[in-house]
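Okay, structure first, notes after.
The values are calculated or read from the model by the stated rules, or taken from the named source; none is laboratory data. For clarity, every value in this text was computed on a predicted model and none was experimentally measured. Glycine also receives a Cβ, built like all others from the backbone with ideal geometry; neighbour counts cover every protein chain displayed.
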Amino acid sequence: MLSKNGKNKSNKKTKLNEDNHMSVQGLFDSFICFIDKLKKKWYIAIPTFLIMVSWFFYSNWEKFCVTSPFTVTLQIVDWNNRQNQEIHNKGGVILFGNEEPKELTSTNRGRFKFDLSASYNKQSIKVHFQPQEQYQFMKLDTTIVVNKDSTYYLKMYFIGIDKITRNVINQTTGKPIEGAIAEINGEKDTTDKDGKFTITLPLEKQERFQKLTIKQEGNVDYVDNNLDMTIDDSIIIWDMKKK
């Protein structure tokens, strides 16, 4: 027969074994739970990974496939998408990335071909026009994404041709002419007490050279058939003559 102390020791040992068993069982259950969660995550992660890889190759398929040189064509047009002679014969050069600059002439009519290496495909390339000193009003500065054997129509702008402000002065008296009506290509404004008028032209009416007419009742019209919009002459002297 076991003594009271012996029974207590036996009970403690049994309880310890049970606690150890429960601890091991708990660790095992936690491990199984972790594996289940990991499986669930991988079931999501694997398809997601495959989709991302597929999309990457789909988006860059042409870039990877283009291994031989190709040609890109640039056509310089005006602000209204026209081949404008005023652009073609002004000189200056087109800078296209790190390629050799090409001169803008009346012979090539603003059309350039660049033979590029395969590494250019799908690359963003800056295109810039560097005008001669007397043509600083001409501006083209943009970036294109190069695609194999493509043609790009790039707009050349003339700075200042969209708006004109002048002060009209009487040649005889030297005083401002108030109340005269100035007109360019159907757009009008009336001179104020300082003889000042401002005319803004919509895109489709913008040209470098315009016809300017100034009218005032009882006087012969002032007419300039070849007004250069790019030259900033702030004053117009009108030799007013009675009709």
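Just one of (1) touching an Asp or Glu at 6+ places or on another chain (Cβ under 8 Å); (2) farther than 22 Å from ASN89 by Cβ; (3) assigned to a strand (DSSP E or B) fails for LYS148. It is (3). Of ASN89, ASN121, all but one fail to be out of contact with any strand residue (DSSP E or B) (no Cβ under 6 Å at 6 or more places or on another chain), surrounded by 14 or more Cβ atoms within 10 Å (Cβ to Cβ) and of a type outside the set (Val, Ile, Thr); the exception is ASN121. Taken over the stretch 128-137, the criterion of being out of contact with any Gly (no Cβ under 9 Å at 6 or more places or on another chain) and surrounded by 14 or more Cβ atoms within 10 Å (Cβ to Cβ) is satisfied by HIS128 alone. So, THR143, is that one part of a strand (DSSP E or B) and either outside the structural domain of ASP233 (by TED's automatic domain parsing) or within 23 Å of ILE94 (Cα to Cα) (or both) or not? Spelling it out, THR143 is indeed part of a strand (DSSP E or B) and either outside the structural domain of ASP233 (by TED's automatic domain parsing) or within 23 Å of ILE94 (Cα to Cα) (or both). Scanning the stretch 98-136 for residues that are more than 22 Å from the chain's Cα centre (by Cα), more than 13 Å from TYR152 (Cβ to Cβ) and in a strand (DSSP E or B) returns LYS102, GLU103, ASP115. Filtering the stretch 160-188 to residues that are surrounded by 14 or more Cβ atoms within 10 Å (Cβ to Cβ), part of a strand (DSSP E or B) and not aliphatic (A, V, I, L, M) leaves ARG166, ASN167, ASN170, PRO176, GLU183, GLU187. Checking the stretch 82-97 against the condition returns no match, with no residue being under 23 Å from SER68 (Cβ atoms), in contact with an Asp or Glu (Cβ under 9 Å, 6 or more places away or on another chain), assigned to a loop (DSSP other than H, G, I, E, B) and not basic (Lys, Arg).
This table checks each residue for (1) among the acidic types (Asp, Glu); (2) surrounded by fewer than 15 Cβ atoms within 10 Å (Cβ to Cβ); (3) under 16 Å from GLN75 (Cβ atoms).
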residue: LEU104; (1), (2), (3): no, no, yes
residue: ARG109; (1), (2), (3): no, no, yes
residue: LYS113; (1), (2), (3): no, yes, yes
residue: LYS126; (1), (2), (3): no, yes, no
residue: VAL146; (1), (2), (3): no, no, yes
residue: ASP149; (1), (2), (3): yes, yes, yes
residue: TYR152; (1), (2), (3): no, no, yes
residue: PHE158; (1), (2), (3): no, no, no
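Here LYS113 fits the description: at pLDDT 90 or above and under 13 Å from PHE70 (Cβ atoms).
Listed here are the residues, each with its yes/no results for (1) under 39 Å from the mean Cα position of the chain (by Cα); (2) part of a strand (DSSP E or B); (3) loosely packed, with under 14 Cβ neighbours inside 10 Å.
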| position | (1), (2), (3) |
| --- | --- |
| ASP194 | no, no, yes |
| ILE199 | yes, yes, no |
| GLU207 | yes, no, no |
| LEU212 | yes, yes, no |
| ASN225 | yes, yes, yes |
| THR230 | yes, no, no |
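Are any of the residues in the stretch 225-233 farther than 27 Å from MET138 by Cβ and out of contact with any Phe, Trp or Tyr (no Cβ under 9 Å at 6 or more places or on another chain)? No, the stretch 225-233 contains no residue that is farther than 27 Å from MET138 by Cβ and out of contact with any Phe, Trp or Tyr (no Cβ under 9 Å at 6 or more places or on another chain).
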